[in-house]
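Below you'll find the structure, written out as structure tokens, and then a few comments.
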Amino acid sequence: MLLVETIFDTLNAKAALFAIEEYFEASGERLPLIISGTVTDASGRILSGQTVTAFWHSVRHAKPLAIGLNCALGAALMRPYLQELARVAGDTFISCYPNAGLPNPMSDTGFDETPADTSRLLHEFAADGLVNIVGGCCGTTPEHIAAIANAVMDQKARDISAGPFYREAA
């Protein structure tokens, strides 16, 4: 599996996807691909200015196994952008691995969200059918990951069969 992640500049991501596609063609092997962008602030845009919807439409040609968001924002601030991505990428799995809140150099750990905070929020995302793959990024600890796993283990995965671009396999 290949993961192109923490994308804040879609042009750089497209260059990476181009190189990956060249490798796939040259090798005759195609690996599953996950693409994960980073919304950097409350504007809902990645650093290069694209909305989450525009980001999806810029990279969907790569036919990723999953598209998602990671880093930058904690789960509490990531929800509206994750909802937007789940809506527009209806036929693709959704990943989400946020920071343990926003960076805070004044806190003991450098981040504000405890394992209970992050896992509760990711549980809500799973319960609302927004995600297929969850985890943690900056500031998350083994305790965060264990709490996330426990919080989502009984949740049903997001159904992509009803997505707007879903097509039955022939």
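Things to note:
- Condition check for Gly110 on (1) at pLDDT below 95; (2) in contact with a Gly (Cβ under 7 Å, 6 or more places away or on another chain); (3) under 26 Å from Leu11 (Cβ atoms): one failure, at (3).
- Candidate set: the stretch 89-102, residues that are outside any loop (DSSP other than H, G, I, E, B) and either surrounded by fewer than 15 Cβ atoms within 10 Å (Cβ to Cβ) or touching a residue at least 60 places away in the same chain (Cβ under 8 Å) (or both); chosen: the one nearest to the chain's Cα centre (by Cα): Ser95
- Residues that are surrounded by 14 or more Cβ atoms within 10 Å (Cβ to Cβ) and either of a type in the set (A, V, I, L, M) or more than 18 Å from Gln155 (Cβ to Cβ) (or both), drawn from the stretch 110-132: Gly110, Phe111, Asp112, Glu113, Thr114, Leu121, Leu122, Ala126, Ala127, Leu130, Val131
- Selected residue (criterion: modelled with the highest pLDDT) from residues of the stretch 7-47 that are polar (S, T, N, Q) and surrounded by fewer than 16 Cβ atoms within 10 Å (Cβ to Cβ): Ser27
- Matching residues in the stretch 18-67 - criterion: being basic (Lys, Arg) and either more than 22 Å from Ser161 (Cα to Cα) or more than 18 Å from the chain's Cα centre (by Cα) (or both): Arg30, Arg45
- When the residues of the stretch 116-135 are filtered to those that are among the aliphatic types (A, V, I, L, M) and either modelled with pLDDT under 95 or not in a helix (DSSP H, G or I) (or both), the one that is farthest from Pro98 (Cα to Cα) is Leu130.
The values are calculated or read from the model by the stated rules, or taken from the named source; none is laboratory data. On a predicted model such as this, the values are computed, not experimentally measured, just so you know. When we count neighbours, we look across all protein chains shown, and the Cβ atoms used for this are built from the backbone with ideal geometry, even at glycine.
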